[in-house]
Amino acid sequence: MIELKDVTYTYGVAENSSLKNVNLKVREGELLLVTGHSAAGKTTLALALAGILHHEIGGRIEGEILFKNRNIRDFDGMKELSRHIGMVFDDAESQLIFTSVEEEIRSGLENRGHSEKEIVRRLEEVMGSCEISHLKNRAPHTLSGGQKQKVALAATLALDTEVLILDEATAELDSKAVKRIFSILKRLKEAGKTIIIVDHNIEDFLEIGDRVVLLEKGKVKAIKSPADFSVSPPVSRPFGPEPAEKVLNKTYDKELQSELQPLRQKSQPVISVKKLTQRYGEVLALDGIDLEIYPGELVAILGENGSGKTTLVKHFNGLLRPYSGNVTIKGLENSKVPIDELVKHTGLVFQNPDNMLFEDTVEAEIAFGLNNIGVKGSEAAEAITRSLELVNLSEKQKSFPRHLSRGERQRLAVACVIAMRPELIILDEPTTGLDADESDRMMQLMRKLQQKGHTIVMVTHNLQLVKDHAERVIHMQAGKIVEDTANRECAGKEYRECIGSACV
Amino acid sequence: MKEIMQYINRDSFLHSMNPLSKIAAVAGIIVLSVFTTNSAVLALMVLGIFLASLKAGLQQELLKQFKLLVFLSLSLIMLTILTLKSGETLAYLIPPGTFTTAGIVPITTGALDFGVVLSLRFFAMLFAFQLLVVTTKPSDLMKALLAIHIPVDYVLMFVIALRFIPSLQIEGQRIHEAQLARGYKPGKGLRGKIMSVKPLLVPLVANSLGRTQVLGLTMDMRGYRSRHSVESNKLVWNKVDFAAIGCVALMGAGIMLGSFM
């Protein structure tokens with residue numbers, strides 16, 4: 001179907017090639033999985049396969065790409081290629097053009113000049129199979145990340161192209177939705193479609209894959225069968241589709257909880273939440289939360305999208321004030337103390353580092369927060385050096401923040417917060433968009449911070465992360481805490497030592 | 001969060017109108033409001049648009065913009081008072097006897113009248129445009145604009161700009177929170193205000209620019225640029241359409257006649 005012959009590709013002004021001498025033959029009706037670390041050239045390969053490099057992006061292309069035995073260069077741009085190839089990208093938000101889900105899918109079909117009857121048929125079919133029928137009239141900005149991805153996927157699936165390329169298109173879906181997509185892809189494969197899935201985590205699709213292409217630094221390192229791939233050391237650790245409850249029951253138990261109780265009573269809690277309720281208009285986002293977090297703990301707050309995790313932690317630094325109930329941070333009442341005072345005690349790192357980076361150098365970026373709380377001059381310089389060392393970005397001090405890799409930007413965001421020396425550090429989904437290596441580095445950093453005496457709270461829906469690293473797990477559902485247990489595997493001696501000596 | 005300029009999924013007589021006739025009516029209103037200098041006619045026009053929104057149950061949408069428009073009007077009237085002097089002098093901005101025996105900056109009827117005309121123009125244009133946007137599905141709007149041979153690139157630009165307004169609002173809010181978490185304090189005074197925009201604006205603009213490539217590719221992959229021509233029979237005309245166009249045409253005729261007589 002698609003054949004790459006010795007393709008080497010370099011983006012516009014880049015010095016290094018993103019793809020190096022890639023030879024790859026994608027057979028008709030095949031389901032090909034492509035994986036590798038970040039910056040391995042996965043997305044570039046996907047763009048090459050779709051003909052986008054030739055027709056839209058340009059740059060230096062050596063070698064040739066054949067689509068249906070015809071040079072991809074000879075097609076009449078994406079106009080013609082898009083009739084054969086459908087591609088879903090990772091950024092779901094940018095793939096939604098209209099203001100309702102139905103229009104989004106429908107307009108693509110109208111562009112292709114289908115009859116009204118056919119449009120309605122496909123529309124209903126695809127909305128049904130992707131489980132988005134109930135979102136039909138919703139506007140994109142009211143959808144969650146996962147829902148947006150489902151809509152972007154549905155809009156492409158509706159076009160029913162022979163080739164389907166998914167570039168990290170399922171990253172934000174929960175395990176149930178991924179299973180759904182799995183069965184859709186399986187059916188498409190049986191119908192003879194050629195499917196290419198590009199992702200840093202391909203575990204979910206190994207079962208229906210025909211071959212796995214492992215990329216490294218722009219080269220094809222290996223092409224394996226999915227069976228071999230799962231045995232060999234994988235790029236990301238496999239994690240079975242076990243339901244949350246099962247995993248939690250295995251590793252967390254209440255005995256340990258009671259064992260730790262006496263230790264806790266020795267020290268004052270950093271955060272104390274009593275009967276906290278919060279509303280967004282009519283919606284009850286938090287419903288009678290009671291919670292205490294103690295110095296030196298590494299706590300994970302786990303829960304589905306919309307369960308109130310982020311809403312809860314926004315009370316810890318004063319971004320939200322209680323609707324009723326109260327929250328105290330180091331003895332400071334949330335409802336009385338201004339936010340710029342609270343942020344000295346609580347550092348909150350949001351999910352997307354790009355929402356905060358605005359300076360021209362890494363060092364200025366960190367200085368911004370310090371200046372805000374009145375740390376200046378040599379004291380600030382010292383804090384900058386110290387925090388950059390902690391996050392392993394010392395040599396990037398003068399770099400332009402937005403040119404760093406995603407993992408580096410995430411660590412810079414952490415550095416911006418820890419430079420202000422808050423006792424409590426909260427991280428909202430700290431590993432989203434990071435590959436296995438970068439995630440590991442992030443978690444090591446968190447451990448290191450804990451050892452330095454910080455209390456860490458991470459908000460996540462990643463069970464693996466929780467299982468490997470959290471000492472205490474708070475499970476939230478529909479605005480309530482449904483479970484609060486200790487993790488036997490992780491609640492190691494660091495924790496007890498820390499509490500024993502009250503290291504904060 | 002207040003949603004501005006977004007399609008509202010409801011049933012009203014404005015919703016059931018043909019997008020083409022709505023575009024024609026709005027264009028008509030805009031042209032007429034520029035050509036007429038009679039504040040009474042303009043006031044009637046604004047009243048008419050408001051009554052239409054009342055009938056469709058969308059008056060809330062228009063009232064959302066009211067504060068902004070009043071602010072705009074007051075600044076415009078102020079500006080005309082400062083720059084335009086014609087007609088009778090009603091009073092002085094700085095009354096006689098404050099600094100000099102005669103007053104400084106006279107407020108003239110001509111200036112007031114012109115200020116009111118300018119303000120009413122904005123009211124009419126913005127209200128009409130807003131009613132068009134909130135009652136027309138973006139995809140229908142797109143079809144209609146393509147049907148009158150506006151190049152597809154411009155149409156997409158327009159539709160996408162509308163679509164991303166609420167997304168940008170949300171993102172702006174997120175950025176604001178992220179900076180607050182770093183102890184960000186909006187500065188005081190004009191200079192401080194301007195300086196404090198940077199931490200919010202830079203991420204917002206940079207993120208939006210970063211989005212353009214995927215957006216463009218998506219449009220290509222879904223075939224927006226190679227679309228089949230819209231069958232014009234898909235856009236249905238009904239009585240209200242003719243009534244609306246008729247109204248605007250009548251108004252136009254009235255204004256023309258009025259200016260010749």
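The values are calculated or read from the model by the stated rules, or taken from the named source; none is laboratory data. Only a predicted model underlies this, so the values are computations on that prediction, with no experimental measurement involved. Note: ideal-geometry Cβ built from the backbone for every residue, glycine included; neighbour counts use all protein chains shown.
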Every residue from the range A:101-115 that is under 15 Å from B:Gln6 (Cα atoms) and within 7 Å of chain B (Cβ to nearest Cβ) = A:Glu103
Does the range B:34-52 include one or more residues that are more than 16 Å from the chain's Cα centre (by Cα) and within 14 Å of chain A (Cβ to nearest Cβ)?
-> no
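Given the criterion within 9 Å of another protein chain (Cβ to nearest Cβ) and either in a helix (DSSP H, G or I) or of a type in the set (D, E, K, R) (or both), identify the matching residue among B:Leu141, B:Leu131, B:Leu126, B:Leu217. Lay out the reasoning, then the answer.
Details: B:Leu141 fails: within 9 Å of another protein chain (Cβ to nearest Cβ); B:Leu131 fails: within 9 Å of another protein chain (Cβ to nearest Cβ); B:Leu126 fails: within 9 Å of another protein chain (Cβ to nearest Cβ).
Exactly one of B:Leu141, B:Leu131, B:Leu126, B:Leu217 is within 9 Å of another protein chain (Cβ to nearest Cβ) and either in a helix (DSSP H, G or I) or of a type in the set (D, E, K, R) (or both), namely B:Leu217.
Give the residue that is nearest to the other protein chains (Cβ to nearest Cβ), with candidates limited to residues of the range A:311-367 that are assigned to a loop (DSSP other than H, G, I, E, B) and among the β-branched types (Val, Ile, Thr).
Here is the first cut: in the range A:311-367, the residues assigned to a loop (DSSP other than H, G, I, E, B) are A:314-323, A:330-331, A:334-338, A:343-345, A:350-352, A:356-361.
Next, from what is left, pick out any that are among the β-branched types (Val, Ile, Thr): A:337, A:343, A:361.
Working: A:Val337: 13, A:Val343: 5, A:Thr361: 13 Å.
This residue is A:Val343.
Does B:Leu156 satisfy the criteria of being aliphatic (A, V, I, L, M) and facing another protein chain (nearest Cβ under 8 Å)?
yes
May I ask you to say which residue of B:Thr83, B:Thr89, B:Thr108, B:Thr100 is in contact with a helix residue (DSSP H, G or I) (Cβ under 9 Å, 6 or more places away or on another chain), modelled with pLDDT under 90 and over 22 Å from B:Asn38 (Cβ atoms)?
Working: B:Thr83 fails: over 22 Å from B:Asn38 (Cβ atoms); B:Thr108 fails: over 22 Å from B:Asn38 (Cβ atoms); B:Thr100 fails: in contact with a helix residue (DSSP H, G or I) (Cβ under 9 Å, 6 or more places away or on another chain).
Of the residues listed, the single one that is in contact with a helix residue (DSSP H, G or I) (Cβ under 9 Å, 6 or more places away or on another chain), modelled with pLDDT under 90 and over 22 Å from B:Asn38 (Cβ atoms) is B:Thr89.
Answer with yes or no whether A:Ile195 is more than 14 Å from chain B (Cβ to nearest Cβ) and part of a strand (DSSP E or B). Working first, answer last.
Details: more than 14 Å from chain B (Cβ to nearest Cβ): yes; part of a strand (DSSP E or B): yes.
Yes; evaluated as a whole, the condition is true for this residue.
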Taking the range B:176-205 and keeping only residues that are among the aliphatic types (A, V, I, L, M), within 26 Å of B:Glu3 (Cβ to Cβ) and over 26 Å from the mean Cα position of the chain (by Cα), one is left with B:Ala178, B:Leu180, B:Ala181
Qualifying residues in the range A:34-73 (those that are away from chain B (no Cβ under 14 Å) and of a type in the set (Ser, Thr, Tyr)) - the one farthest from A:Glu203 (Cα to Cα) = A:Ser38
Subset tally (residues that are surrounded by 13 or more Cβ atoms within 10 Å (Cβ to Cβ) and either at pLDDT below 50 or within 22 Å of the chain's Cα centre (by Cα) (or both)) for the range A:218-241 = 5
Filtered residues of the range A:188-206 (kept if surrounded by fewer than 22 Cβ atoms within 10 Å (Cβ to Cβ) and over 25 Å from A:Ser439 (Cα atoms)) = A:Leu188, A:Lys189, A:Glu190, A:Ala191, A:Gly192, A:Lys193
Only one of B:Leu204, B:Leu209 is out of contact with any Cys (no Cβ under 6 Å at 6 or more places or on another chain), within 19 Å of A:Gln95 (Cβ to Cβ) and in a helix (DSSP H, G or I); which?
-> B:Leu209
Filtering the range B:142-161 down to residues that are touching a Leu at 6+ places or on another chain (Cβ under 8 Å), surrounded by 19 or more Cβ atoms within 10 Å (Cβ to Cβ) and not β-branched (Val, Ile, Thr) yields B:Met142, B:Lys143, B:Ala144
